[in-house]
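First the structure, in the form of structure tokens, and then the observations on it.
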Amino acid sequence: MVAGVPEDCVIGVDLGGTKLLAGLVNPELRVLERTYRLAPPSNDPEDLLQLVVDEVRELTHSGIVAPSDVVGVGVGIPSLIDQATGVAVSTVHQPFDGVPVRDELQDRLQLPVALDNDGNCAMLAEWRAGAARGCDDAVLMTVGTGIGSGVVAGGTLIRGSTGAATELGHMVVDFDGPLCPCTNRGCLEALASGTALGREGARLAGQRPGSALARLAGAGEVITGVTVTEQAQLGDRAAREALERVGTLLGVGIANAMNIFNPEVVLIGGGVSAAGEMLLGPARTEARRRARPPSNGVRVEAATFGADAGMVGAAVLALDLLRDGTPAWQG
Ligand SMILES: [Zn+2]
């Protein structure tokens with residue numbers, strides 16, 4: 001092994017508001033094995049920490065590589081992170097406020113752990129090896145339970161004065177809009193996340209009695225963003241209408257990001273990006289309609305790593321930590 005260069009594997013963990021995706025990743029960022037599970041709603045940080053530990057151990061002992069070849073862990077969570085202490089701050093979807101997540105995981109796993117905001121992780125993956133490779137200016141939004149984001153401007157991952165910058169999911173796009181989990185009203189996340197997609201699907205189920213969404217709702221099924229995406233892929237018009245509405249609202253946020261950052265590309269990742277052009281098409285159209293030229297000509301594309309972007313980016317964090325001793329953004 002070349003001194004200082006990790007040849008062994010790491011585990012990237014993307015712990016979202018409702019799911020955990022973990023992957024065994026080699027230094028070339030190839031995902032060798034993955035696990036996916038729903039994260040049970042919990043107000044106890046202990047439950048979620050244990051979930052991460054269990055998944056990391058499962059992958060470590062999956063037989064793909066020797067357990068001793070797993071040399072570090074990267075974790076992305078939907079929270080701001082104090083990088084000096086590894087403590088989560090201003091967390092919306094998880095009970096991690098004030099919890100020293102990095103050190104807790106490090107103690108339990110007995111491995112080096114790198115921790116960052118999940119949107120930053122996804123941006124890092126795309127910037128290092130995906131659709132933003134070679135870009136000095138790029139915006140990424142991960143559309144899942146909430147909306148995470150990361151921004152590269154002038155060749156730097158933007159952090160802000162206290163690490164709280166580029167919370168694009170909480171830009172207000174509707175003064176009197178629906179409540180956001182952050183307690184504000186009308187945030188982009190409240191209007192264009194997977195949660196919002198489920199809500200829009202449920203609303204349309206009530207208005208379209210012949211639709212598949214209405215049949216499912218009538219059978220007692222809770223209409224989620226995943227339900228809507230699945231039914232849209234099967235051709236249900238109400239579900240497609242819900243995606244079009246949410247995509248259009250996402251486009252309003254993208255237009256704002258285009259005007260602020262004038263990026264080379266805007267990338268959309270996260271679970272809802274599985275809907276592909278049914279989401280991206282309306283988002284692109286609305287963004288181009290609203291953004292000022294020449295920013296309105298910016299490409300709007302699916303993230304290369306799709307729903308894996310946060311997990312792969314977390315692995316990049318771990319590899320950088322092992323190689324350089326610092327998270328990538330500090331290097
Ligand atoms: Zn908000």
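The values are calculated or read from the model by the stated rules, or taken from the named source; none is laboratory data. None of these values were measured; they are calculated from a predicted model. Ideal geometry is used to build each Cβ from the backbone, glycine not excepted, and the neighbour counts take in all protein chains shown.
Name the residues in region 150-180 that are among the β-branched types (Val, Ile, Thr), more than 18 Å from ASP116 (Cα to Cα) and part of a loop (DSSP other than H, G, I, E, B), would you?
Within region 150-180, VAL173 is the sole residue that qualifies.
Find the residue count for region 181-204, including only residues that are part of a loop (DSSP other than H, G, I, E, B) and either closer than 14 Å to SER149 by Cβ or more than 9 Å from the ligand (Cβ to nearest atom) (or both).
Counting residues in region 181-204 that are part of a loop (DSSP other than H, G, I, E, B) and either closer than 14 Å to SER149 by Cβ or more than 9 Å from the ligand (Cβ to nearest atom) (or both) gives 2.
If you take the residues of region 139-173 that are among the small types (Gly, Ala, Ser) and away from the ligand (no atom under 16 Å from the Cβ), which of them is nearest to the chain's Cα centre (by Cα)?
First, the residues of region 139-173 that are among the small types (Gly, Ala, Ser): 144, 146, 148-150, 153-155, 160-161, 163-165, 169.
Filter once more, keeping what is away from the ligand (no atom under 16 Å from the Cβ): 150, 153-155, 160-161, 163.
On the way: GLY150: 9, ALA153: 19, GLY154: 22, GLY155: 21, GLY160: 19, SER161: 22, GLY163: 17 Å.
Out of the qualifying residues, it is GLY150.
Please state which one of ASP136, ASP176 is surrounded by fewer than 16 Cβ atoms within 10 Å (Cβ to Cβ), more than 16 Å from the ligand (Cβ to nearest atom) and charged (D, E, K, R).
Of ASP136, ASP176, the one residue that is surrounded by fewer than 16 Cβ atoms within 10 Å (Cβ to Cβ), more than 16 Å from the ligand (Cβ to nearest atom) and charged (D, E, K, R) is ASP136.
Let's see how each residue does on (1) modelled with pLDDT of 95 or more; (2) over 18 Å from LEU157 (Cβ atoms):
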{"residue": "SER79", "(1), (2)": "no, no"}
{"residue": "THR85", "(1), (2)": "no, yes"}
{"residue": "HIS93", "(1), (2)": "no, yes"}
{"residue": "LEU105", "(1), (2)": "yes, yes"}
{"residue": "LEU109", "(1), (2)": "yes, yes"}
{"residue": "ASN117", "(1), (2)": "no, no"}
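Residue-by-condition table, conditions (1) part of a strand (DSSP E or B); (2) at pLDDT 95 or above:
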residue: ASN259; (1), (2): no, yes
residue: LEU267; (1), (2): yes, yes
residue: ALA274; (1), (2): no, no
residue: LEU279; (1), (2): no, yes
residue: THR285; (1), (2): no, yes
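If a residue must be of a type outside the set (Val, Ile, Thr) and closer than 23 Å to ALA22 by Cβ, how many such residues does region 133-156 contain?
7
When PRO209 is evaluated against the numbered criteria (1) within 16 Å of the ligand (Cβ to nearest atom); (2) farther than 24 Å from GLY276 by Cβ, which criterion, by number, is the only one it fails?
Of the numbered conditions (1) within 16 Å of the ligand (Cβ to nearest atom); (2) farther than 24 Å from GLY276 by Cβ, the odd one out for PRO209 is (1).
In the list THR166, THR183, THR162, which residue meets the criterion of being farther than 30 Å from GLY235 by Cβ and surrounded by 24 or more Cβ atoms within 10 Å (Cβ to Cβ)? Talk me through it step by step, then tell me what you get.
On the way: THR183 fails: surrounded by 24 or more Cβ atoms within 10 Å (Cβ to Cβ); THR162 fails: surrounded by 24 or more Cβ atoms within 10 Å (Cβ to Cβ).
After applying the criteria, what remains is THR166.
Would you mind finding the one in GLY177, GLY247 that is touching a Pro at 6+ places or on another chain (Cβ under 7 Å) and in contact (Cβ under 8 Å) with a residue 12 or more places away in the chain?
On the way: GLY177 fails: touching a Pro at 6+ places or on another chain (Cβ under 7 Å).
The match here is GLY247.
Any idea how many residues of region 301-315 are under 25 Å from ARG289 (Cα atoms) and crowded, with 22+ Cβ neighbours inside 10 Å?
Number of matching residues: 1.
It is to be established whether one or more residues within region 26-48 are in contact (Cβ under 8 Å) with a residue 60 or more places away in the chain and either assigned to a strand (DSSP E or B) or of a type in the set (Lys, Arg) (or both). First the steps, then the outcome.
Of the residues in region 26-48, the ones in contact (Cβ under 8 Å) with a residue 60 or more places away in the chain are 27, 29, 31, 34.
Checking the rest, the ones that are also either assigned to a strand (DSSP E or B) or of a type in the set (Lys, Arg) (or both) come to 31, 34.
Yes - at least one qualifying residue is present in region 26-48.
Using beta carbons and a limit of 7 Å, which pairs, at least six apart or on different chains, have the first residue in region 182-202 and without any contact (Cβ under 8 Å) to a residue 40 or more places away in the chain and the second one more than 8 Å from the ligand (Cβ to nearest atom) and among the small types (Gly, Ala, Ser)?
ARG185/GLY177; GLY186/GLY177; ALA190/GLY177; ALA190/ALA196; GLY198/GLY225; ALA202/ALA217
Based on this model, can you work out whether ALA125 counts as modelled with pLDDT of 95 or more, within 16 Å of the chain's Cα centre (by Cα) and more than 14 Å from the ligand (Cβ to nearest atom)? Quick ask: steps written out before the conclusion?
Details: modelled with pLDDT of 95 or more: yes; within 16 Å of the chain's Cα centre (by Cα): yes; more than 14 Å from the ligand (Cβ to nearest atom): yes.
Yes: the conditions hold for ALA125.
Tally up the residues in region 69-88 that are touching a residue at least 40 places away in the same chain (Cβ under 8 Å) and either more than 18 Å from the chain's Cα centre (by Cα) or surrounded by fewer than 18 Cβ atoms within 10 Å (Cβ to Cβ) (or both), please. Talk me through it step by step, then tell me what you get.
Start the filter on region 69-88 by keeping residues that are touching a residue at least 40 places away in the same chain (Cβ under 8 Å), which leaves 69-78, 80-83.
Among the residues that remain, those that are also either more than 18 Å from the chain's Cα centre (by Cα) or surrounded by fewer than 18 Cβ atoms within 10 Å (Cβ to Cβ) (or both) are: 69-72, 82-83.
Number satisfying all stated conditions: 6.
Here is a list: ALA22, ALA39. Which entry is aliphatic (A, V, I, L, M), in contact with a strand residue (DSSP E or B) (Cβ under 8 Å, 6 or more places away or on another chain) and at pLDDT below 95?
Sole residue among the options that is aliphatic (A, V, I, L, M), in contact with a strand residue (DSSP E or B) (Cβ under 8 Å, 6 or more places away or on another chain) and at pLDDT below 95: ALA39.
Has region 277-289 got at least one residue that is among the polar types (S, T, N, Q) and within 23 Å of ARG34 (Cα to Cα)?
No - not one qualifying residue is present in region 277-289.
Using the structure shown, decide if GLN231 is buried (at least 20 other Cβ atoms within 10 Å of the Cβ), at pLDDT 95 or above and either more than 16 Å from the ligand (Cβ to nearest atom) or among the basic types (Lys, Arg) (or both).
Against the criterion (buried (at least 20 other Cβ atoms within 10 Å of the Cβ), at pLDDT 95 or above and either more than 16 Å from the ligand (Cβ to nearest atom) or among the basic types (Lys, Arg) (or both)), GLN231 qualifies.
Keeping to region 64-109, report how many residues are farther than 15 Å from CYS121 by Cα, in contact with a His (Cβ under 9 Å, 6 or more places away or on another chain) and in a loop (DSSP other than H, G, I, E, B).
Of the residues in region 64-109, 1 are farther than 15 Å from CYS121 by Cα, in contact with a His (Cβ under 9 Å, 6 or more places away or on another chain) and in a loop (DSSP other than H, G, I, E, B).
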